[in-house]
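Participant: Provided herewith is a single structure, encoded as structure tokens, for subsequent inquiry.
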There are 2 protein chains.
Amino acid sequence: MLKNDLFLRALKGETVDRPPVWMMRQAGRYLPEFREIRDKYDFFTRCRTPELASEITVQPIRRFGMDAAILFSDILVVPQAMDIEVQMKPNFGPYLPHPVRSQADVDQVTVPDVTVALGYVMEAIKATKEKLEDEVPLIGFAGSPWTILCYCVQGQGSKTFDRAKEFCFTQPMAAHQLLQKITDTTIAYLKAKVRAGVDVVQIFDSWGGMLSPTDYREFSWHYNQQIVDALKADAPVIVFGKGCWFALGDMAQSGAAALGVDWTCSAKNARYLTGGKITLQGNFDPARLLSPPSEIKKMVAQMINEFGKDRYVVNLGHGILPNIAVDHAKAFIDAVKEYRVS
Amino acid sequence: MLKNDLFLRALKGETVDRPPVWMMRQAGRYLPEFREIRDKYDFFTRCRTPELASEITVQPIRRFGMDAAILFSDILVVPQAMDIEVQMKPNFGPYLPHPVRSQADVDQVTVPDVTVALGYVMEAIKATKEKLEDEVPLIGFAGSPWTILCYCVQGQGSKTFDRAKEFCFTQPMAAHQLLQKITDTTIAYLKAKVRAGVDVVQIFDSWGGMLSPTDYREFSWHYNQQIVDALKADAPVIVFGKGCWFALGDMAQSGAAALGVDWTCSAKNARYLTGGKITLQGNFDPARLLSPPSEIKKMVAQMINEFGKDRYVVNLGHGILPNIAVDHAKAFIDAVKEYRVS
């Protein structure tokens, strides 16, 4: 009963007049109305309060009219629900004071009842669906098990996540147990989200591109595949692996409805690597939104020409940067809406 | 007259019994004898004092017997020589208090006489050649102009280098002028290094992988190509672009003697993308040196089998991490020396 189902049709591979558009982190710091809420409530309060999370989620839809909303939340609510303490430090990012680094630590990690531990997310989904009034579909997301492990073991962000890798490479059995616990939790979590009302789910494998293809298959893809297998009958699944061009071939065989690509992978390469049949999503360099709006519009039209208007979802290649001016974001969205096949 | 010319022969594409091996950042913090010097002298004193730089350069050769030495220095000595202040802050990394962010800033940047401004590097080369006693070839290096620009504009390290990108995307004329000044300095610098005695030069494009293929061509590759063109008659040139798998095709046509690849690009992909004829260098995940030594040895042998022993230089896919144990580094080098075609 959605008024605008363009996004769902693109995920099914249907022929469309123009591709749908949304932006990763579209409910975020570049929006003045978001910053107003951020100045009043801390990070996890925003995540945990359905009224706030739903308001933040619909803000960009009201302002720009994207073709999909994505629930405001964070990938680290999952380890938090697994009894791993997660703090969000201003000007620092995530901080986990008790990182998981041994078999004993892994044994302590619980697989929770997500409807209880993450019940607030389900409430936020219901509140958001009410606010959206069936205008556009709602996306729910989770981090990939590997990306969640990165934070759980490293304890904070990192350029190389070498402590996380060390854990996997020197204690592979413990690492796989942790990955399986995260996977089981994530599957239950995403299924609950679909029951609560999200129309599509996306897996963010933000740090998959730090692994070699062999290690990626073992420590990341194996678990992403489990999630796709478990979810694909419930809702379309999008897999986005930043820097994971080397895995696009496997991903295209996975049963995912669409694959995200970053801006280092050209449309031509992405279509080639995925066999040309699956819906792709991306891949505008977030920093290219710093270009003048007229240039953004030209580049977006060119990007659509390169990917083709069908089996394609216009997006950035990663989250929008906090310092992007609102009229630059608008130019990006408008360019897609104004797109005509040339 | 080199006693061990295996590295030079591999760069020429000659048939060898085993591939040569060296490690990026092999003269570095994982070595106790390096840390001893580091505790006594600050970073730029080590770079600027020929006795120290040459001693640091030969330390890993003495201990492990790699097939090539690489002069201890830093890519940021080039902007420093161009009158851009560069500090190296402990536990922070490079810091440039007066970043280049306008046309006026670019106008202030000078193209120096490198034999004067970087005379200390030439002295370090001569001192190193004496210590090496023609045992193995000596590599000299420079950052790619794009990578140098990243630091000059951002003013410090960054996950996204968005200020550097903003400068290129909003002030492209000024950016190209800066890139050309860096290129002119780098060409003169590398030529002087060859005259002073280095046998091979390598260009490090550490941040090339942050750009889209189109932007890479405009803001990075265009200048790397100028350097290869200017240097290739003087010495073999190796180009290493981290995350630049998408540019390997262009790179293979450039006249470079060899191309570095990182660990996200499999041997098969790297050979395919480069047309199978050029020497490749890489690509062991530096974090995989955290694995047990026996596993390192197995993985190295497998890596050589995958790349093939000819037209190949064994290396890491990026610099060695400071927390690698000496016996793990040794396992890596020994595995190559013990390699036999199976």
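Participant: Taking a ≥ b ≥ c as the square roots of the eigenvalues of the Cα gyration tensor of region A:90-130, is the shape rounded (a/c under 1.5), prolate (a/b larger than b/c) or oblate?
Facilitator: oblate
Participant: Now for a separate question. Report, for A:VAL341, each distance to the same residue's label point in the other copies, shortest first and in nm; define the point 7 Å along Cα→Cβ.
Facilitator: From this label point to the equivalent ones elsewhere in the assembly: 5.5 nm.
Participant: Between copies, how far does the label point of A:PRO97 sit from its twins, in nm, shortest first, when each point is 7 Å from Cα along Cα→Cβ?
Facilitator: 3.7
Participant: Relative to the Cα centre, what is the charge dipole magnitude of region A:1-137, using +1 at the beta carbon of each Lys and Arg, -1 at the beta carbon of each Asp and Glu, and rounding to the nearest 20 debye?
Facilitator: Charge dipole of region A:1-137: 460 debye, to the nearest 20.
Participant: Now, a different point. Give the angle, between 0 and 90 degrees and rounded to the nearest 10, that separates the Cα long axis of helix B:50-64 from the longest principal axis of the Cα atoms of chain B.
Facilitator: 30
Participant: With the Cα gyration tensor of the protein assembly as shown in hand, convert its eigenvalues to equivalent ellipsoid semi-axes via √(5λ) and list them largest first in whole Å.
Facilitator: 44, 28, 24
Participant: DSSP loop (so not H, G, I, E, B), at most 14 other Cβ within 10 Å: list which GluC sites (Glu not before Pro) in region B:116-197 pass both filters.
Facilitator: Here the sparse-neighbourhood loop sites are B:GLU133.
Participant: Shape verdict for chain B, please, from the Cα gyration tensor: rounded (a/c under 1.5), prolate (a/b greater than b/c) or oblate.
Facilitator: Note, shape of chain B comes out prolate.
Participant: Counting only other residues whose beta carbon sits under 9 Å from that of B:GLY197, what net charge do I get with K and R as +1, D and E as -1?
Facilitator: Taking every Cβ under 9 Å from that of B:GLY197, the sum is +3.
Participant: Can you check what the net charge comes to around B:THR128, using other residues whose Cβ is under 12 Å from the Cβ of B:THR128 (Lys, Arg +1; Asp, Glu -1)?
Facilitator: Overall, the nearby charge balance is -4.
Participant: Something else: How about region B:1-61: which trypsin sites (Lys or Arg not before Pro) there are in a DSSP loop, with at most 14 other Cβ atoms within 10 Å of their Cβ?
Facilitator: Qualifying residues, ordered by number: B:LYS3, B:LYS40.
Participant: Sticking with this structure for a sec: So how do A:ASP17, B:ASP134 rank on accessible area, 1.4 Å probe, biggest first, that is with the largest at the start?
Facilitator: Descending order: A:ASP17, B:ASP134.
Participant: In region A:105-144, what percent of the accessible surface is made up of carbon and sulfur (1.4 Å probe, ligands and nucleic acids excluded)?
Facilitator: 46
Participant: For the protein assembly as shown, with every protein chain kept in place, what is the accessible area per residue (1.4 Å probe, Å²)?
Facilitator: I get 38 Å² per residue for the protein assembly as shown.
Participant: Name the residues of region A:229-266 whose accessible area, probed at 1.4 Å, falls by at least 40 Å² once all protein chains are in place instead of their chain on its own?
Facilitator: Buried-area filter returns A:TRP245, A:TRP263, A:THR264.
Participant: List the residues of region A:152-194 whose accessible area drops by at least 50 Å² when all protein chains are present, compared with their chain alone, using a 1.4 Å probe and counting only protein heavy atoms.
Facilitator: SASA drop of 50 Å² or more in region A:152-194: A:LYS159, A:ASP162, A:PHE169.
Participant: Hey, another quick one. Which of B:PHE284, B:ALA175, B:ILE61 sits farthest toward the positive end of the charge dipole of region B:6-337, with +1 on the Cβ of Lys and Arg and -1 on the Cβ of Asp and Glu?
Facilitator: Checked the options; the winner is B:PHE284.
Participant: For the interface of B with A, what's the total buried accessible surface in square angstrom, probe 1.4 angstrom, rounded to the nearest hundred?
Facilitator: Interface area, both chains combined: 2500 Å², rounded to the nearest 100.
Participant: Straight-line reach from A:LYS297: which aspartates and glutamates have a Cα under 14 Å away, not including same-chain ones fewer than 8 places off?
Facilitator: List returned: A:ASP285, A:ASP327, A:ASP334, A:GLU338.
Participant: Looking at region B:271-303, which trypsin sites (Lys or Arg not before Pro) are in a loop (DSSP not H, G, I, E or B) and have at most 14 other Cβ atoms within 10 Å?
Facilitator: Qualifying residues, ordered by number: B:LYS277.
Participant: Moving on. Angle check, please: helix A:293-307 long axis (alpha carbons) against the longest principal axis of chain A (alpha carbons), in degrees 0 to 90, nearest 10.
Facilitator: Taking the Cα atoms of chain A, the angle to A:293-307 is about 80 degrees.
Participant: When a/c reaches 1.5 or more, the comparison of a/b and b/c decides; with that in mind, is region A:192-296 rounded, prolate or oblate per its Cα gyration tensor?
Facilitator: oblate
Participant: Give the average, rounded to an integer, of partner chain Cβ atoms located within 10 angstrom of each Cβ in A:209-215.
Facilitator: 6
Participant: What residues of region A:280-319 lose no less than 30 Å² of accessible area with every protein chain in place versus their chain by itself (probe 1.4 Å, heavy atoms only)?
Facilitator: Output list: A:ASP285, A:ALA287, A:ARG288, A:LEU290.
Participant: Using only DSSP helix segments of four residues or longer, with each worth -39500 (n - 2.57), what per-residue ellipticity at 222 nm results for chain A after dividing by its residue count and rounding to 500?
Facilitator: Theoretical 222 nm ellipticity from helices: -13500 deg cm²/dmol.
Participant: Can you compute the charge dipole magnitude of the protein assembly as shown about its Cα centre, using +1 on each Lys and Arg Cβ and -1 on each Asp and Glu Cβ, nothing else charged? Give it in debye, rounded to the nearest 20.
Facilitator: Using Cβ point charges on Lys, Arg, Asp and Glu, the protein assembly as shown gives about 620 debye.
Participant: Which order do peptides A:152-161, A:69-78 fall in by mean Cβ count within 10 Å, highest first?
Facilitator: Ranked by mean Cβ neighbours within 10 Å, highest first: A:69-78, A:152-161.
Participant: Now for a separate question. Would you work out the charge dipole size for chain A about its Cα centre, treating the Cβ of every Lys and Arg as +1 and the Cβ of every Asp and Glu as -1, and quote it to the nearest 20 debye?
Facilitator: In total the dipole reaches around 720 debye.
The values are calculated or read from the model by the stated rules, or taken from the named source; none is laboratory data. Keep in mind that this is a model prediction, so the values were computed, not measured. Neighbour counts are summed over all protein chains in view; Cβ atoms, including those assigned to glycine, are modelled from backbone coordinates with ideal geometry. With ligands, DNA and RNA removed, areas are computed over all heavy atoms of the protein, side chains included. Shrake-Rupley method; radii C 1.70, N 1.55, O 1.52, S 1.80 Å.
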